[in-house]
Amino acid sequence: MKRITIVVAGLLSVLLIACGGGSDPESSDTLTRAELVKKGDAVCQKANDDLTPLAAKYSAALKKRDYEEAGNVVDQIALMAGKRTEGLESLDAPEEDADAVDQYADYSQQTEELMQAMADSLREKDSNAIAEATEGINAIAIKAQKTAREIGFEKCGAGTPAT
């Protein structure tokens, strides 16, 4: 079980990075890039603030080696990631940013799915599946972080992926 604790310890930094978005370039409410960055970063900052108590709860569960509770917390984090994605998908990116924002939304969806798999793996105490999910989340986070920087986000995609 020590391997489980080591494998999932870096997950929190990855979760802070995970963020998504989407766009509809045909909408009449299309934002400028500056508006997109401002509104997108506000959505991500809110989600990051909401994540703080869950991160503490997750760490406490790991310290107690309560993998059932750790899995339940990761489920809550996955739900939060989904809500963050929905918030960003409601923003209409300018046409020149639409593809990048859509790609970012795809990364966020992939991350959410891997978090759900990780939660199940924690409850099952399956260290190999936990490691696989963690590696997948980290790989996606690196791509999402690069895309966030290309868009101009500062709060979305902030942080350093776990290694």
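The values are calculated or read from the model by the stated rules, or taken from the named source; none is laboratory data. The structure presented is a predicted model; accordingly, all values stated were derived computationally and were not measured. Note that we place each Cβ from the backbone using ideal geometry, even for glycine, and neighbour counts take in every protein chain shown.
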Report task. Collect the residues in segment 44-81 that are surrounded by fewer than 16 Cβ atoms within 10 Å (Cβ to Cβ) and touching a Ser or Thr at 6+ places or on another chain (Cβ under 9 Å), keeping them in residue-number order. Result -> LYS63, ARG65
Requested in this report: Please name all residue pairs, on different chains or six or more residues apart, with Cβ atoms under 6 Å, provided the first residue is in segment 63-81 and is basic (Lys, Arg) and the second residue is surrounded by 23 or more Cβ atoms within 10 Å (Cβ to Cβ).
Outcome: none
Report summary line: Within segment 116-132, of all residues that are touching a residue at least 60 places away in the same chain (Cβ under 8 Å) and over 16 Å from ALA81 (Cα atoms), the one surrounded by the fewest Cβ atoms within 10 Å (Cβ to Cβ) is LYS125
Requested in this report: Check GLU135, GLU86 and return the single one that is under 25 Å from ASP29 (Cα atoms) and free of Cβ contacts under 8 Å to residues at least 40 places away in the same chain.
Outcome: GLU86
Query raised in the report: Would segment 79-93 turn up any residue that is at pLDDT 90 or above, under 24 Å from SER121 (Cβ atoms) and touching an Asp or Glu at 6+ places or on another chain (Cβ under 8 Å)?
Result: no
Query raised in the report: What residue, among those in segment 17-42 that are within 16 Å of GLU96 (Cα to Cα) and at pLDDT below 50, is nearest to the chain's Cα centre (by Cα)?
Result: GLY21
